[in-house]
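Peer 1: This is the structure, below, for whatever I ask next.
The values are calculated or read from the model by the stated rules, or taken from the named source; none is laboratory data. Keep in mind that this is a model prediction, so the values were computed, not measured. Counting neighbours? That spans all protein chains shown, and the Cβs are built from the backbone with ideal geometry, glycine included.
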Amino acid sequence: MSQDNLMEKIVSLCKRRGFVFQSSEIYGGLSSVWDYGPLGAELKRNVKNAWWKSVVHSRDDVVGLDCGILMHPDAWKASGHVEGFSDILVDCKSCKKRFRKDHVGEKCPECGAIDFTDGRAFNLMMKTYLGAAEDSSSLSYLRPETAQGIFVNFSNVVDTTRKRLPFGIAQIGKSFRNEITPGNFIFRTREFEQMEIEYFTKPEEADESHKQWIEERFAWYVDLGIKKESLRLRKHASDELAHYAKGCTDIEYQFPFGWSELEGIANRTDFDLKQHSKASGKDLQYQDNLTNTKFFPYIIEPSGGVDRATLAFLVDAYCEEEVRGSTRVVLKFSPELAPIKVAVLPLLKKNSEIVSTAKAIKKDLSKCFMSVYDDTASIGKLYRRQDEVGTFFCVTVDVDSLSDKKVTVRDRDTMAQERISVDSLKEYLSNKLLNH
Ligand code: ATP
């Protein structure tokens, strides 16, 4: 399967099975904005929950936060975004297409010409106006990153949680960037979701913490099923770094369109808290009671994209297998990410007793797992449909189930079938999902 072909297949499966739809499709679509359909919403939610579980619930040193998308405009001046959150833009003089300078090589990616305009800075922040008047006093911005909401709440979190260094604050939320060249499906869009941690450390402990976070975040993708050989770390060269950053390493995934960034893990030094202290007049230094000193902590920032991670999980899970002369498409998601854990299927939909038993089993399983009931096709077709969206188990109710109180459980990956008693079904499925 060629890599172009793979991307086409994934985009088409996403549309056909309700993972991702183009925004405002009935109006011709809005370029670079995508809507998550019923299964995509489940998948994306699972990605976010897995992240939150890993970086907040499983740790004693990280707490969560959920800030507004809109912030005081002065915060964006202090952070440097109003002045400098720009990409350098060039136009191809031949086809007039516009590109990010760091994304074009020698030749125009569109027409192959080699004549470009001089680069000019283009600010990526989306503007909006708060309140009834549309003038400079009401000008505000949709946040281009979730991080700033964390920095401005640093003292609030320290005061309310009594956390001592090192500790982190995590947030998931929408961000907006007026990207010059969005594309590659949900990889680069103008509205997207980020998962960011700001981890505050003593300056002398920042390098070690940076190293640990790079390892931990890399392991997260592998634990959730991404093949290790499709991931790599890329350390930024010094001329790539933001002026305040001491170091940054990206986690990249080998997408069908090439190695691309999933997440960046940066050492932001003490720049952010210093800037917001200066601009707001509020002292955001940390008071160390043991040494009776005050200082600005360093910040390690693992910053990932929910949509990019979701796309990587989709690409990595996609498999085609030959089964008895036909091709079976399977999304081999890990149990945590699979949008549907169990599908309950009646073998004969005309038998009302089978149908009501299957529906009752589905209702009971729904207390523990995301489960669905489906009787809209023959059993063979139903299995294939569930494989194609990555459903972990199919549970089939047949005539014998009515007397022996057992059902057939089919494993997505091996297609092996086992008879399991209805009484122990939940326990059986839980064990399998946990120990996968
Ligand atoms: P790129 O170089 O690809 O534009 P970036 O280095 O500017 O990305 P960051 O500012 O470090 O990205 O943002 C952190 C994360 O947010 C990225 O690793 C990515 O996963 C996600 N992200 C950033 N921009 C977008 C976008 N336009 N669409 C989807 N996700 C994005």
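Peer 1: When you go through (1) crowded, with 21+ Cβ neighbours inside 10 Å; (2) among the small types (Gly, Ala, Ser); (3) within 16 Å of the ligand (Cβ to nearest atom) one by one for Ala338, which number turns out not to apply?
Peer 2: (3)
Peer 1: Okay, moving on. Could you tell me which of the residues Leu290, Leu273 is surrounded by 14 or more Cβ atoms within 10 Å (Cβ to Cβ) and either more than 23 Å from Met7 (Cα to Cα) or not assigned by TED's automatic domain parsing to the domain that holds Tyr428 (or both)?
Peer 2: Leu273
Peer 1: Sticking with this one: Cβ-Cβ under 7 Å, sequence separation 6+ or interchain: first residue in the range 147-166 and under 15 Å from Lys274 (Cβ atoms), partner assigned to a helix (DSSP H, G or I). Which pairs?
Peer 2: Every condition considered, the pairs that remain are Gln148/Ala75; Phe151/Asp272; Phe151/Leu273; Phe151/His276; Val152/Ala75; Val152/His276; Phe154/Leu273.
Peer 1: Answer yes or no as to whether Ser230 is modelled with pLDDT of 95 or more, among the hydroxyl-bearing types (Ser, Thr, Tyr) and within 17 Å of Ile186 (Cα to Cα).
Peer 2: Considered against the rule, which asks whether it is modelled with pLDDT of 95 or more, among the hydroxyl-bearing types (Ser, Thr, Tyr) and within 17 Å of Ile186 (Cα to Cα), Ser230 comes out as no.
Peer 1: Which ones in the range 157-213 are within 11 Å of the ligand (Cβ to nearest atom), part of a strand (DSSP E or B) and either out of contact with any Asp or Glu (no Cβ under 7 Å at 6 or more places or on another chain) or of a type in the set (Gly, Ala, Ser) (or both)?
Peer 2: Hits for the range 157-213 are Ser175, Gly183, Glu191, Met195.
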